[in-house]
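Q: Structure incoming, see below.
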Amino acid sequence: MKQRFLAYLQYEKRYSSHTITAYRIDLDQFFEYLNQQYSIADIPEVTHPMIRSWLVNRMEHGIGTRSVNRKLTTLKSFYKYLLREGIVEINPMKKITSPKISKRLPVFVEKDKMELLLDHVVFGEGYPAVRDKLILEMFYSTGMRLSELVSLKETDIDFHQHTLKVLGKRNKERLIPFSNKFDVMLKVYLTAKKESFGEDNNLFLTDRGKPVYPRMVYRIVTRYLGEVTTLEKKSPHVLRHTFATHLLNNGAELNAVKELLGHANLAATQVYTHNTIDKLKRIYKQAHPKA
């Protein structure tokens with residue numbers, strides 16, 4: 001049944017391979033726990049106290065609230081599928097309450113530090129230097145996800161319309177505009193890439209001409225962010241946060257930022273508005289005679 005459910009997610013819901021892997025791990029852990037604690041292998045025998053017991057077990061093993069809620073999402077989807085297929089008649093997840101998550105504001109890099117990184121940090125010479133700088137510039141200029149950048153192709157670039165075609169979550173395509181300055185950087189990079197490795201439709205390549213991979217890109221971002229910021233977290237996602245925060249702080253509409261980020265709903269984008277409010281507070285304190 002688990003394999004049928006995962007196949008349903010892959011072929012009907014069109015979830016990403018990363019998401020499906022996470023769901024598989026969650027379900028494997030869940031059924032392993034049920035087998036060890038209750039000697040249960042038959043799905044209809046599972047009750048909501050058993051599910052609660054598994055969640056408590058996860059938290060006792062140091063699993064954070066966000067991760068626990070993600071596991072709950074897995075089980076909710078699984079039981080929704082089981083109901084639809086007639087495998088179970090009662091959904092035990094209806095009696096499970098998600099633990100509350102304390103709101104964490106997005107970490108972002110200040111504007112002056114981004115300018116220092118992209119305009120003054122020395123990246124070196126040769127293809128790797130040009131590539132590394134473009135990777136950082138692309139994260140900051142487009143707000144795309146790590147997985148989206150790694151999968152980019154040369155054919156995703158439209159120089160005439162100044163847009164990048166990005167394949168996001170659940171295989172949803174979106175177009176992200178880019179500036180004239182970024183246009184120049186792209187062309188310089190493509191020339192360096194062609195001189196080093198010839199024709200290759202993969203946009204970003206390793207030093208040996210192979211397609212880049214997530215861990216490599218993560219290391220590049222971490223390394224160079226470490227030169228300009230003391231933030232504890234330094235990652236491609238921090239640059240995505242930075243992209244969104246700087247847009248909103250400079251007056252961009254929330255719906256427009258939502259579309260650029262590829263968010264499914266506005267709530268996911270609204271977490272960035274706190275920075276705009278902070279800016280308004282500073283302006284108020286500076287300008288109002290009674291502040």
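Q: Checking LYS165 against (1) surrounded by fewer than 20 Cβ atoms within 10 Å (Cβ to Cβ); (2) touching a residue at least 40 places away in the same chain (Cβ under 8 Å), which test does it fail?
A: (2)
Q: Which condition number does LYS111 fail, the rest of (1) surrounded by 11 or more Cβ atoms within 10 Å (Cβ to Cβ); (2) over 30 Å from PHE204 (Cα atoms); (3) under 22 Å from the mean Cα position of the chain (by Cα) being met?
A: Condition (2) is where LYS111 drops out.
Q: Check the stretch 98-106 and report whether any residue there is assigned to a helix (DSSP H, G or I) and in contact with a helix residue (DSSP H, G or I) (Cβ under 9 Å, 6 or more places away or on another chain).
A: Filtering the stretch 98-106 down to residues assigned to a helix (DSSP H, G or I) leaves none.
No; the residues of the stretch 98-106 include none that is assigned to a helix (DSSP H, G or I) and in contact with a helix residue (DSSP H, G or I) (Cβ under 9 Å, 6 or more places away or on another chain).
Q: State yes or no: is VAL238 under 22 Å from LEU164 (Cα atoms) and under 15 Å from the mean Cα position of the chain (by Cα)? Can you show your working first?
A: On the way: under 22 Å from LEU164 (Cα atoms): yes; under 15 Å from the mean Cα position of the chain (by Cα): yes.
Criteria met by VAL238.
Q: Here's another thing I want to ask about it. When you scan the stretch 133-155, how many residues do you find that are acidic (Asp, Glu) and surrounded by 18 or more Cβ atoms within 10 Å (Cβ to Cβ)? Spell out how you get there, then give the answer.
A: Start the filter on the stretch 133-155 by keeping residues that are acidic (Asp, Glu), which leaves 137, 148, 154.
So of that shortlist, the ones also surrounded by 18 or more Cβ atoms within 10 Å (Cβ to Cβ) come out as 137, 148.
The qualifying residues number 2.
Q: Would you mention how many residues in the stretch 27-85 are surrounded by 12 or more Cβ atoms within 10 Å (Cβ to Cβ) and either not in a helix (DSSP H, G or I) or not assigned by TED's automatic domain parsing to the domain that holds GLN10 (or both)?
A: 5
Q: Something else now. What are the pairs, 6+ residues apart or on separate chains, where a residue within the stretch 219-239 that is among the charged types (D, E, K, R) has its Cβ under 6 Å from a residue that is at pLDDT 95 or above and part of a helix (DSSP H, G or I)?
A: The qualifying pairs are LYS234/THR222; LYS234/LEU225.
Q: Take LEU248 and decide whether it is surrounded by 13 or more Cβ atoms within 10 Å (Cβ to Cβ), under 21 Å from LEU105 (Cα atoms), modelled with pLDDT under 95 and assigned by TED's automatic domain parsing to the domain that holds THR163.
A: Working: surrounded by 13 or more Cβ atoms within 10 Å (Cβ to Cβ): yes; under 21 Å from LEU105 (Cα atoms): yes; modelled with pLDDT under 95: yes; assigned by TED's automatic domain parsing to the domain that holds THR163: yes.
So LEU248 fits the description; yes.
Q: Kindly provide the set of residues from the stretch 209-232 that are in contact with a helix residue (DSSP H, G or I) (Cβ under 9 Å, 6 or more places away or on another chain), part of a loop (DSSP other than H, G, I, E, B) and surrounded by fewer than 17 Cβ atoms within 10 Å (Cβ to Cβ), ordered by number.
A: Once the filter is applied, which keeps residues that are in contact with a helix residue (DSSP H, G or I) (Cβ under 9 Å, 6 or more places away or on another chain), part of a loop (DSSP other than H, G, I, E, B) and surrounded by fewer than 17 Cβ atoms within 10 Å (Cβ to Cβ), the stretch 209-232 yields GLY209, TYR213, GLU227, LEU231.
Q: Restricting attention to the stretch 77-125, and to residues there that are closer than 30 Å to TYR189 by Cα and touching an Asp or Glu at 6+ places or on another chain (Cβ under 9 Å), which single residue is modelled with the lowest pLDDT? Don't jump to the end; show me each part of the working.
A: First pass over the stretch 77-125, keeping only residues closer than 30 Å to TYR189 by Cα: 107-125.
This time we only want the ones that are touching an Asp or Glu at 6+ places or on another chain (Cβ under 9 Å), so: 107, 116-118, 121, 123-124.
Details: VAL107: 88, LEU116: 96, LEU117: 96, LEU118: 95, VAL121: 94, PHE123: 95, GLY124: 93.
Checked the stretch 77-125; the qualifying residue modelled with the lowest pLDDT is VAL107.
The values are calculated or read from the model by the stated rules, or taken from the named source; none is laboratory data. Just so it is clear, the structure is predicted and the values come from calculations on it, not from any experiment. Note: ideal-geometry Cβ built from the backbone for every residue, glycine included; neighbour counts use all protein chains shown.
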